[in-house]
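Taking it in order: structure first as structure tokens, then the write-up.
None of the figures in this text is laboratory data; all of them are computed from the coordinates on show. As the structure is a computational prediction, the values presented were derived from the model and not from experiment. Ideal geometry is used to build each Cβ from the backbone, glycine not excepted, and the neighbour counts take in all protein chains shown.
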């Protein structure tokens, strides 16, 4: 069954196709949701029913889609009642998925060196964006991912040379490697091949290694914990780079009705309260983290 909402958001009874568990209570969930798969864009999210007995849905960023096969994939961490129940869903079961929701990332052709930074459960939108960018030969994205729990994949040494990488920083995401997209991983947990530090620090190493002309081609995209986004926003500001961030907030309806996910954003007319669900989740970083 498919229902329509504002002609852009769909509610689908989605069959669970795959549901894989990883260390750190992380899960990758793939569901059949063809209407959402066709319309989702990098930065979109969906609102899922985690259990028939739990009325409130949970918002999850979309990590991958296959419009032809009709599936949508999510990476999430079981941290509360809802996602803990979601983690119990089995292949073949059905759950209600509403989406795609929200304003997506927008890449600009004159900025042909996108820098994508994802932290923790902020990784999914960066994977989605990397997938979109790799299909356009004018872009050469570089992806940095950080996590303080084991990554939900088996890192492997990168085959791509990346300027400015500290010695030993060679770990990459296999999926991105297979796509031909350069990536590096960061953590404070001492994982093999990972940069020992914050993603923003690793990004600074990369930016410092570029000449002035190359830096003018960089645009920054980020999703992750609030402190990480603030650090990335300030880094982008210091180098005079445009930066888009995807915010994560608690939300009830996810379609703009309850205004329970508002954040203060600087506009041309002064500060205003914007809804993360429909006005975002993607915002200009300098409007959110203005100094």
Mean ellipticity per residue at 222 nm, deg cm²/dmol - from DSSP H runs of n ≥ 4 across the chain, formula -39500 (n - 2.57): -5500 deg cm²/dmol
Whether region 57-106 is rounded, prolate or oblate, judged on the alpha carbon gyration tensor where a/c under 1.5 counts as rounded: oblate
Exposure proxy ranking, count of Cβ atoms within 10 Å, fewest first, for 273, 161, 63: 161, 273, 63
Prolate/oblate/rounded call for region 66-196, Cα gyration tensor, a/c under 1.5 rounded: oblate
Residue of 13, 66, 136 that the Gaussian network model of the chain assigns the largest fluctuation, springs spanning Cα pairs under 10 Å: 136
Cα centroid of region 141-169 to Cα centroid of region 244-291, whole Å: 30 Å
Folded to 0 to 90 degrees: helix 226-238 orientation relative to the chain principal axis, Cα: 40 degrees
Region 77-116 pair-distance distribution - Cα-Cα, 5 Å bins, rounded %: 6, 14, 13, 14, 13, 10, 12, 11, 7, 0
Taking region 2-101 and dividing mean pair separation by its residue count, relative contact order in percent (alpha carbons under 8 Å, at least six apart): 38 percent
Between helix 199-209 and the chain: long-axis angle, C-alpha atoms, 0 to 90°, nearest 10: 40 degrees
Calculated P(r) of region 2-101 - Cα pairs past 19 Å, %: 34 percent
Kirkwood Rh in Å, taken over all unlike Cα pairs in region 137-184: 11.4 Å
Kirkwood Rh in Å, taken over region 116-265 so that all alpha-carbon pairs contribute: 16.0 Å
Percent RCO, i.e. relative contact order, over the chain, from Cα pairs under 8 Å lying at least 6 residues apart: 16 percent
